[in-house]
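What follows is calculated from the coordinates using simple rules that are stated; it is not laboratory data. Keep in mind it's a predicted model, so treat the numbers as computed, not measured. A quick note on method: Cβ atoms are made from the backbone with ideal geometry, for glycine too, and the neighbour counts reach across all protein chains shown.
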Ligand SMILES: Nc1nc2c(ncn2[C@@H]2O[C@H](COP(=O)(O)OP(=O)(O)OP(=O)(O)O)[C@@H](O)[C@H]2O)c(=O)[nH]1
Ligand SMILES: [Mg+2]
């Protein structure tokens, strides 16, 4: 884990190539992943900002956004770098060549931060023809490729129309449309891909991504699952800010696994949370990290600060960590305090140190802590396993810390 943290300290960005024909829903997904309503900023391969005024020069804006070499960054989550490609829309050899060359170049580079870490391959499901020419051409690469079936809502609408055309009444057509759409997805899309030469690592289907309440959590979870390298997994989990539950789950797993390694193992747990990497202990708080800036130097200080804070608050922490339930208690404490400083935004507004202390003060000795300890005791002292990790994650999720002021 120390090695993963070391690698994570040297790279601050997770790089994703998103591919899909025009209108496939690519930009909408990226905005959702980054919680942004704004368009991304565009940087050239050297990291210089590309000035684009979409109002004045639409053509050039289009080119800028879809030039695969350019790097797209959202201010709201600048640790993701995206490359956008319309793929092989025309099926032309030129386009195929360009994308393949990009992937090969990025696969060969020795610099981890320049490497491509994942590919999201969008296939819209609302059109009349399932797959266009050459659209099922995935790549012979070691980078995980996740196929995203986009606009599933469009397929549901088509299923509804089909049921109506077959003479179903409106309520019956509504009742059966999702199941039929699911069947259509399997027959017309998923099964078509069974025979491709290079198999995707995972498949995800996304509903109407335009809606405020729709979520891309499945995409985040599936992407995490395809990452077999510990350092890349840590990087991905801790740059994405959409699914704090994923951070909790990995932090809990790591925390339970790390044995009685003493308070220093605190960092193995906190490292899965995004803000620990970007927020300084003391001011200035979180600020936009431009692409060219060096990697954050804060985490080591943040980790050390948390170890000290924990020892101050719980002088017996070393002993507590010796037992299995005790370790689970400390893991829960850290996750609950880290979640609070992240989700309530306190670390962003206050800077990490004071926010962590606030959370620690609110948690230690609280009724919430008493409940957590009771539930951990009920879990039994079995050794680490997947079920224990799930149970402890559930306990943490059920006892998120909210202060009185926040509840008001
Ligand atoms: N029905 C439906 N429409 C969507 C969905 N996601 C995006 N759209 C709409 O589809 C259109 C294209 O979406 P974009 O996200 O811009 O697609 P894109 O792949 O980035 O397109 P280009 O940049 O032109 O290649 C927009 O009008 C979106 O509002 C979805 O999940 N369902
Ligand atoms: Mg787009």
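If I filter the stretch 199-215 for residues that are assigned to a helix (DSSP H, G or I), more than 16 Å from ligand 1 (Cβ to nearest atom) and more than 17 Å from residue 31 (Cα to Cα), do I get at least one hit? Checked the stretch 199-215: no residue is assigned to a helix (DSSP H, G or I), more than 16 Å from ligand 1 (Cβ to nearest atom) and more than 17 Å from residue 31 (Cα to Cα). Within the stretch 1-24, the set of residues being surrounded by fewer than 22 Cβ atoms within 10 Å (Cβ to Cβ) and part of a loop (DSSP other than H, G, I, E, B) comprises 1, 11, 12, 13, 21, 22, 23. Could you grab me the full set of residues in the stretch 25-35 that are touching a strand residue (DSSP E or B) at 6+ places or on another chain (Cβ under 8 Å) and either part of a loop (DSSP other than H, G, I, E, B) or more than 9 Å from ligand 2 (Cβ to nearest atom) (or both)? 25, 29, 33, 34, listed by residue number. Of the residues making up the stretch 184-198, those that are exposed (fewer than 12 other Cβ atoms within 10 Å of the Cβ) and part of a helix (DSSP H, G or I) number 3.
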